[in-house]
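See below for the structure under consideration.
The values are calculated or read from the model by the stated rules, or taken from the named source; none is laboratory data. No experiment lies behind these values; they were computed from the predicted model shown. Glycine gets a Cβ as well: all are built from the backbone with ideal geometry, and neighbour counts include every protein chain shown. Ligands, DNA and RNA are excluded from the accessible area calculation, which covers all protein heavy atoms including side chains. Shrake-Rupley method; radii C 1.70, N 1.55, O 1.52, S 1.80 Å.
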Amino acid sequence: MKLHKPNFLALCSTFLHIILLFTITLLCLQLATSTALTNETGRLALLKFKESIVDDPYGILSSWNDSIQFCYWYGVTCGRHHRRVTALELQGHKLRGTITPYIGNFTFLRVTDLGNNSFYGKIPKEVGHLFRLQHLNIQNNTLGGEILASLANCTKLRVMTIAWNKLIGTIPKSLALFGVNKLNGMVPSPLYNLSSISALRFEVNQLSGALPANIGLTLPNLKLFTLGDNKFYGPIPGSLCNASKLQKIDIPQNNFMGSIL
């Protein structure tokens, strides 16, 4: 009887295929587990947000339950592939309550629109964790306390509207925040160098100081500029004529002198 020697190369190839298959399976299981955990984090954060609402007169949060996946809850938008919460749009529904600190868990959030409701209390410092945030609207609520310096961490922020609240204190450096509160002091100079900003609203506060002479050059994308009913003084910068995208300027009830040429 003739014995055949085993094919060493064939054995090695089979062994390597087994190792490769095991590694791929392990990675897929790890990815699935990671996705499930992050999705669960988003769902739990939304439920915490719901818990912080004490009055929902229109019942818009009634869909926020386990009968449907949280990405299909009212006002919630998720990314197409990663299924993380990217937008929370609940404006104008007369919701009453506080903004939960768990909002900081929505690290993929790009749009937060809670305007025209009845949110009260302070803006949670955890909002500063939303480094992908581009649009923040919390206007026309009754939020109080000081403006958070941690909002400066939201480096991709393009539009921030906080008008008609009860915010107090000074404007933290490098933040573009909007009016009708009780803000005082001078506007930090870095604010006038945020070239991506399209709107600045400071009306009905107690802000003071002179406008930079080159403001129309450093803010080339400015479309809306309102700072009425404050304590600004000095000449109106002629460089505003160079802000070619400017559509509205409203600066009454200050101490300006001269006119725009």
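Worth a mention:
- Among the candidates Asn117, Asn141, the residue that is closer than 24 Å to Leu207 by Cβ and either open to solvent by less than 30 Å² (accessible area, probe 1.4 Å) or modelled with pLDDT under 85 (or both) is uniquely Asn141.
- The single condition from (1) out of contact with any Cys (no Cβ under 8 Å at 6 or more places or on another chain); (2) surrounded by 14 or more Cβ atoms within 10 Å (Cβ to Cβ) that Gly216 fails is (1).
- Of residues in region 61-110 being basic (Lys, Arg) and closer than 13 Å to Arg43 by Cα, the one most open to solvent (accessible area, probe 1.4 Å): Arg83
This table checks each residue for (1) open to solvent by 10 Å² or more (accessible area, probe 1.4 Å); (2) basic (Lys, Arg); (3) at pLDDT 75 or above; (4) within 27 Å of the chain's Cα centre (by Cα).
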site	(1), (2), (3), (4)
Ser174	yes, no, no, yes
Asn181	yes, no, no, yes
Arg201	yes, yes, yes, yes
Asn205	yes, no, yes, yes
Gly209	no, no, yes, no
Leu222	no, no, yes, yes
Pro235	yes, no, yes, no
Ile251	yes, no, yes, no
Asn255	yes, no, yes, no
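- Any hit, region 40-57, residues being open to solvent by 70 Å² or more (accessible area, probe 1.4 Å) and under 17 Å from Arg110 (Cβ atoms): no
- For Lys156, the conditions (1) under 10 Å from the mean Cα position of the chain (by Cα); (2) surrounded by 15 or more Cβ atoms within 10 Å (Cβ to Cβ) are fulfilled apart from (2).
- Residue check for Arg96: free of Cβ contacts under 8 Å to residues at least 60 places away in the same chain, of a type outside the set (A, V, I, L, M, F, W, C) and over 20 Å from Leu130 (Cβ atoms): yes
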